[in-house]
Structure formats: structure tokens, C-alpha cells
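To start, the structure under review is shown below, and the notes come after it.
Here, each number is a calculation from the coordinates, and none is a lab measurement. Note that this is a predicted model, so its numbers are computed, not measured. All Cβ positions, even for glycine, are placed from backbone atoms using ideal geometry, and neighbour counts span all protein chains on display.
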Amino acid sequence: MKIVLAKEIGFCSGVKNSVNLTKTVLKTDKKRIYMLGPIVHNLQVIEMLQKEGVKIVDSIEEIPEGSTVITRAHGVSPSILQEALTKKLNIIDTTCPYVKKAQEIAKYLNEEDYLVIIFGDKRHPEISNMLDIIHNNALMVDNIAEIREIKFQKKIGLLSQTTKNFSNFRELSSNLLDKTEELRIFNTICKATIKRQKNARELAKVVDIMLVIGGKESANTSRLVEICRQQGVKTYHLETKGQLEYTWFHPEDRVGITSGTSTPDWSINEIVEQLEKWQV
Ligand code: SF4
């Protein structure tokens, strides 16, 4: 069995920044650090931070005055931010710069009277925060059929959730050309996501099995699974080494490994070590 790791693997810069900021804050005050929902979509990372003292809450109401609140890498909605300020909480904003930039673009397009079209999932925190910023004044799309239903508009501005599939975004963009007099397209898919998708596609073409390591809730991990499967290779999505099954592999297999952007190195290493033991 040959193990081949993708070129880009482990935390992206945005997640690294969120986790590092949280660890720094933990050094100063272990007792009153709160996280508003999981800061990243990876259970193992969240459990590690909880063990170190971070408490997870669902709303600002649950946080005692004077405490510190850490926001997600996916951003925070203005109404929640205001609530935290009113309560005089110490806010550690770990929003990824790519997410911030996409929010600013959505705001600009909305203010300039474009019909804002977002390629994304409105249940994802990144998008629900963006919608809050532009007062829900946007059309969500996920496929070409939805684009075809759009009536002719004077001005359209298109952007994407940062972790969407780039090929699908390109396809949607071209289908908007005959729907408007003026079309502005902002490719807000982050570079880390685009690189990983490209690497995963290339790797999936030259191996017998792909393992995609990452949280079941992680949008970018699910996208990698989808891309690998599109290449026709047998693909398994797993979070921990406990989910590996010996029967998946044959001695001559080339096994490709990639990961979501919120998957820690230690989860990847544990899986690689287990595979190496089975090689012996
Ligand atoms: S995947 Fe991209 S947008 Fe999301 S946290 Fe990482 S760098 Fe930022």
C-alpha cells in the first residue's frame, strides 16, 4: 500500500489564526472564556479547546458580564456583535479575512442597488451572518436550474460562499450573462479552498482510494468528498482513525489523503500511523 498526502493539508490560515488567538486568550484567563457556537467545524478541535477551559454557548444572553467572547472564523452578525458590546463583553473577533472581504462585497453590492446573488447555503453561519449584514436582501442559489428562473434584472452582483466548488461557481457565472444589462462577478471562494479542491482532484485521478479527513459539518470537507467522487475513485469521509476499516484496503492500493481546512495535523497523523501499521 502506498500513501500519498495532498500538497495542502491540515489547518488553513483562517482556522490557524482562530485557534491560535483562542489559545493566547486562554493563557490570560481560563475561567471566563466563551465561544459563540463552535469557532470551527471540527469536533476534535472544539473538544481540545473545551478541555483547556473554553465554554460553548448558543447566545450572548448566556455569557456573564465582563467575560470574553470568541467569535467564529465564519464571522459574526452585526446584531450579535451589538449585543456583546452592550453587555460590555471583551470581544475577540477571529473572523477570517476572506470571510470579511466577502461580507464587505455583499454590503457594497446591496448599497449600489445590485440584485445580490449568493452561491451558498443560507444555513451555514458564514452566509447567515452575511445575510444579516445586508438585511436578507439577496437571492440564494445553489444550481443552474435556480439561475434559469431569475427574471431579467438591470444590475446583478454575484458572489460565493468562501468554501464552494469553483467549477460550479464558474458555470453559474456564465449562465447569468443573459439575465442582466450589467453583471459583476466577485470570486469570493478563498484561495485555500481553491488550492485544496485542485489538489484533491489531481490526487484522486492517480490513486485507488481517497480518504478525506474532516468534520461531518465542515462545508469545505464535504466539497472535497464530492470532487473526489466525481473523479470516479472510491472515497471515504472520516473524522478519526477509529472510523478507518481494514477491509477498505488491498496491499497494492495507492491511498490518497486530503483534509478539510479545519482538520488538525494530529488527526491526520493518527490516520497515517494506523495505515502504516497495517502496511507491515
Ligand atoms: S477556508 Fe478559507 S475562508 Fe474559511 S477560514 Fe480557511 S482561509 Fe478562511
Check: DSSP loop GluC sites (Glu not before Pro) in region 36-99 with at most 16 other Cβ atoms within 10 Å of their Cβ, which ones?
Finding: GLU52, GLU65
Check: For the pair LEU244 and LEU85, what calculated FRET efficiency results from E = 1/(1 + (r/R0)^6), where r is the Cβ-Cβ distance and R0 = 30 Å, to the nearest 0.05?
Finding: 0.05
Note to self: Counting only helical runs of four or more DSSP H residues, what would the 222 nm mean residue ellipticity of the chain come to if each run contributes -39,500 (n - 2.57) and the total is spread over all its residues?
What the structure shows: -12500 deg cm²/dmol
Note to self: Please list, ordered by chain and number, the residues whose modelled amide H lies under 5 Å from the amide H of THR235; skip anything fewer than 5 residues away on the same chain.
What the structure shows: MET210
Item checked: Of ASN110, ASN165, ASN143, the one that fluctuates the most in a GNM where the chain has Cα springs shorter than 10 Å -> ASN143
Item checked: Percentage relative contact order, region 13-92, counting C-alpha pairs under 8 Å, at least six apart -> 33
Notebook entry, point to check: What is the gain in length, in nm to one decimal, between ASN136 and ASP29 on full extension, counting 0.36 nm per residue of separation less the C-alpha to C-alpha distance?
Noted result: 34.8 nm
